Amino acid sequence: MALGIGIVGLPNVGKSTLFNALTKKSVPAENYPFCTIDPSVGVVAVPDLRLSKLSTLSKSAKTIPAAIEFVDIAGLVKGASAGEGLGNKFLANIREVDAILEVVRIFPAQGGSASGGDVVHVYGEIDPMRDIEVINLELMMADLETVTKRLGNLEKDVKRGDKDALDEKEVLEKIAATLEAGKLAKDIFQNVENVGHPMSNIEGVVKKLHLLTMKPILYALNKKSGAKNLDEAKDERWEKLMRFFKDKNAQYVIFDAKVEDELKEFAGEEKETFRRELGAEEGDGIDALISASYTLLGLITYFTTGEDETRAWTIKKGWTAPEAGTAIHTDFKDKFIRAEVIWWQDLLTAGSYVVAREKGLLRTEGKDYIVQDGDVIEFKI
């Protein structure tokens with residue numbers, strides 16, 4: 001399942017540095033705007049301790065993790081929706097991704113570059129809510145243009161009284177009003193009863209439009225170890241940011257892009273030792289960010305395991321067993337007979353499939369079974 005997350009933000013907030021750390025792939029990350037002109041794509045393994053444990057149990061020759069794509073997109077500036085900077089290119093690139101990772105700078109202007117110099121903010125001072133509002137406003141303006149254009153194209157059918165066109169026009173006008181009020185298009189779902197249409201009708205309209213502000217957003221707050229970041233200062237700007245996340249029920253993670261980039265070639269205890277030496281906190285900010293991005297897309301993982309390989313398979317939450325089988329091969333859905341399922345921890349506790357079967361831990365599931373995160377499955381076709 002190829003699902004992509006676009007890394008966006010203002011210039012000089014740490015997007016490309018984060019991308020480097022995520023993918024271990026070198027892209028330009030210099031201290032000037034628009035260095036990253038063409039999007040770079042990296043496939044990133046989703047950290048999952050369950051995978052390695054299952055692989056050890058099965059003595060697998062290969063271990064293959066789940067993965068998601070991260071796309072490094074050029075920096076956005078005010079006026080992008082009107083073509084300022086690389087706005088048109090930015091908006092075209094972001095339409096192609098499934099979710100948005102919005103990098104927000106909370107580290108100070110002093111220091112922060114690879115050479116130890118200052119990383120200049122495009123607006124001269126640090127204000128995370130202003131940065132979020134600039135980015136989100138440009139996305140809203142682009143969506144409003146899309147909605148307005150669609151309304152114009154509907155006018156002919158509306159005039160002749162076409163019912164579907166009339167219904168779509170009403171929904172579009174509600175979406176336009178939401179955007180004009182400075183809200184994301186997805187905010188319309190918070191008050192569906194005010195729209196006057198079933199949820200399915202609204203979803204059908206917005207799906208065709210590919211609206212930017214319908215995409216799920218994960219906010220990534222980029223700090224600097226050893227500096228007085230906004231989260232440490234707890235000033236008015238920080239409190240305003242936290243209120244925004246609470247009011248919008250938005251997901252966010254805090255990380256240090258520069259430290260994560262410097263640690264990208266290390267692993268295990270060596271990585272944690274260097275992390276402490278760099279003044280960063282315990283734990284892997286990148287792993288937390290990747291896992292949060294995976295969850296943001298509504299994804300879960302099931303496993304197949306054996307001597308040849310242990311593999312993590314990515315599917316959408318809520319998929320049935322035949323649908324989940326399509327992650328392996330599209331034929332699995334039509335040819336599905338049954339699935340033998342066991343929770344990963346039960347398999348580890350049993351120590352083998354033979355013992356698990358003797359203890360009744362291995363279940364036979366049919367076409368209606370909803371696959372759960374952490375299931376180990378053997379499909380019968």
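Can you spot the aspartates and glutamates whose alpha carbon is less than 14 Å from LYS159's alpha carbon? Ignore those fewer than 8 places along the same chain. The qualifying aspartates and glutamates are ASP167, GLU168, GLU170. For segment 209-268, the relative contact order is 47 percent, taking Cα pairs closer than 8 Å that sit 6 or more residues apart in sequence and dividing their mean separation by the residue count. Each residue of segment 171-187 was assigned a 3J(HN,Hα) from its phi angle through the Karplus curve 6.51 cos²θ - 1.76 cosθ + 1.60 (θ = phi - 60°); the sequence is 5, 4, 5, 5, 5, 4, 5, 4, 5, 5, 7, x, 10, 6, 4, 5, 5 Hz, with glycine and proline shown as x. Here the peptides 40-47, 236-243, 289-296 are ranked by packing, the mean other Cβ count within 10 Å, and the order with the highest first is 289-296, 40-47, 236-243. Rolling a 1.4 Å probe across all protein chains gives ARG130 an accessible area of roughly 50 Å². Calculate the FRET efficiency for ILE64 and TYR252 from the Cβ-Cβ distance with a Förster distance of 35 Å, rounded to the nearest 0.05. The calculated FRET efficiency here is 0.70. Note that segment 361-369 has calculated 3J(HN,Hα) couplings of 7, 8, 10, 9, 10, x, 5, 8, 5 Hz, one per residue in order, obtained from phi through the Karplus relation 6.51 cos²θ - 1.76 cosθ + 1.60 (θ = phi - 60°); glycine and proline are x. Once all protein chains are placed together, HIS210 keeps about 120 Å² accessible to a 1.4 angstrom probe.
Pop out the ³J(HN,Hα) list for segment 207-219 in order, Karplus 6.51 cos²θ - 1.76 cosθ + 1.60 with θ = phi - 60°, rounded to Hz; leave Gly and Pro as x. Once θ is set to phi - 60°, the couplings for segment 207-219 become 4, 5, 8, 6, 5, 5, 7, 8, 6, x, 10, 10, 8 Hz.
How long is the gain from GLU232 to VAL354 if the chain were fully straight, where each residue apart is worth 0.36 nm and the alpha carbon distance is subtracted? Before the final figure, lay out each step's value.
Numbers: separation 122, 0.36 × 122 = 43.92 nm, distance 5.35 nm.
Result: 38.6 nm gained on full extension.
The values are calculated or read from the model by the stated rules, or taken from the named source; none is laboratory data. For clarity, every value in this text was computed on a predicted model and none was experimentally measured. All Cβ positions, even for glycine, are placed from backbone atoms using ideal geometry, and neighbour counts span all protein chains on display. The protein model used for the area step is the full one, side chains on, heavy atoms only, and it has no ligands, DNA or RNA in it. Shrake-Rupley method; radii C 1.70, N 1.55, O 1.52, S 1.80 Å.
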